[in-house]
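The values are calculated or read from the model by the stated rules, or taken from the named source; none is laboratory data. Keep in mind the model is a prediction, meaning the values are calculated, not measured. Reconstructed Cβ throughout: ideal geometry from the backbone, glycine too, with neighbour counts over all protein chains shown. Accessible surface is based on the protein model in full, side chains and every heavy atom, while ligands, DNA and RNA are left aside. Shrake-Rupley method; radii C 1.70, N 1.55, O 1.52, S 1.80 Å.
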Amino acid sequence: MSRWLRLAVSVLVLCMTGAPALADLPATVARIKPSIVAVGTYEPTRSPAFRFLGTGFAVADGLTVATNAHVLPATLDTARRETLAVAIPMGDKVNVRSAEKLRSDPDHDLATLRIVGPALPVLALAGGEVDEGQSVAFTGFPIGSALGLKPATHRGIVSAITPISIPRGNARELNARQIRSLGSDPFSVYQLDATAYPGNSGSPLFDPDSGAVIGVLNMVFVKDTKENVLSKPSGISYAIPVRYLNKLLR
């Protein structure tokens with residue numbers, strides 16, 4: 001039997017066994033991008049009226065947006081009619097919609113928003129475990145509006161599953177947030193070898209083949225607890241496991 005005939009037979013057997021066909025990353029990105037939004041505030045008399053704060057993505061009913069809790073402002077200037085908002089890239093234009101905070105989980109730095117208007121395509125949330133070495137990708141707005149509100153995708157692997165805080169030998173090396181994370185509810189996060197930027201906070205971390213979300217990128221909360229003693233913080237990126245988002249949505 002020739003090599004090509006053996007290859008054809010192998011492909012035929014694979015198809016007959018019902019093995020799932022996995023989409024490639026370009027096809028997955030095309031499905032992911034319509035669900036990605038820029039999270040910020042809107043003030044009609046400000047220029048620009050929309051101020052970018054981070055990334056979010058549509059889940060659940062398509063009117064719910066998941067992001068990091070630290071992305072949301074502590075206060076709004078109601079005297080100037082400042083409101084929460086999301087900006088949705090639509091070709092060369094951006095559609096800005098009003099939003100309001102729905103729920104928040106400050107311990108895991110997650111939050112959900114409720115937006116107005118038609119429902120967006122939603123991203124599926126994974127329910128299984130993540131393995132070290134697993135391929136991942138994330139889509140968001142690195143450096144925010146400085147590069148234009150065009151979703152960008154980065155790819156890498158899960159380098160490690162690591163505690164969000166590391167105990168230190170000297171109490172003076174700890175900050176208040178790290179002490180709370182060590183004492184109240186210590187949990188592990190995903191360390192990534194892909195480079196993310198502050199604008200990526202809130203971006204979905206997803207499986208490149210299925211598109212299922214396995215985590216939420218976090219560039220501030222985790223670094224403040226895990227790398228606070230470093231004089232020069234690393235370029236390592238982190239993500240909060242999606243199970244905490246699943247819990248928040250329930």
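Determine if region 218-235 includes at least one residue that is modelled with pLDDT of 90 or more and either in contact with a strand residue (DSSP E or B) (Cβ under 8 Å, 6 or more places away or on another chain) or open to solvent by less than 20 Å² (accessible area, probe 1.4 Å) (or both). Yes, the conditions are met somewhere in region 218-235. Whether any residue in region 145-152 is of a type in the set (D, E, K, R), modelled with pLDDT under 95 and in contact with a helix residue (DSSP H, G or I) (Cβ under 9 Å, 6 or more places away or on another chain) is what I want to check. No. Residues that are farther than 25 Å from Ala212 by Cβ and in a strand (DSSP E or B) within region 59-85 comprise Thr83, Leu84, Ala85, listed in sequence order. Pro121 meets all of the listed conditions (1) open to solvent by 20 Å² or more (accessible area, probe 1.4 Å); (2) within 19 Å of Gly40 (Cα to Cα); (3) touching a residue at least 24 places away in the same chain (Cβ under 8 Å); (4) not aromatic (Phe, Trp, Tyr) but one, namely (2).
Residues in region 39-49 that are more than 16 Å from Pro151 (Cβ to Cβ) and part of a strand (DSSP E or B) were compared, and the one that is least open to solvent (accessible area, probe 1.4 Å) is Thr41.
Report yes if Glu100 is at pLDDT 95 or above, closer than 25 Å to Leu63 by Cα and open to solvent by 10 Å² or more (accessible area, probe 1.4 Å), otherwise no. Criteria met by Glu100. Pairs linking a residue in region 50-65 that is farther than 11 Å from Leu249 by Cα to a residue that is hydroxyl-bearing (Ser, Thr, Tyr) and outside any strand (DSSP E or B), with Cβ atoms under 6 Å and 6 or more positions apart or on different chains, are Phe52/Ser145; Gly54/Ser201; Thr55/Ser203; Phe57/Ser35; Ala58/Ser35.
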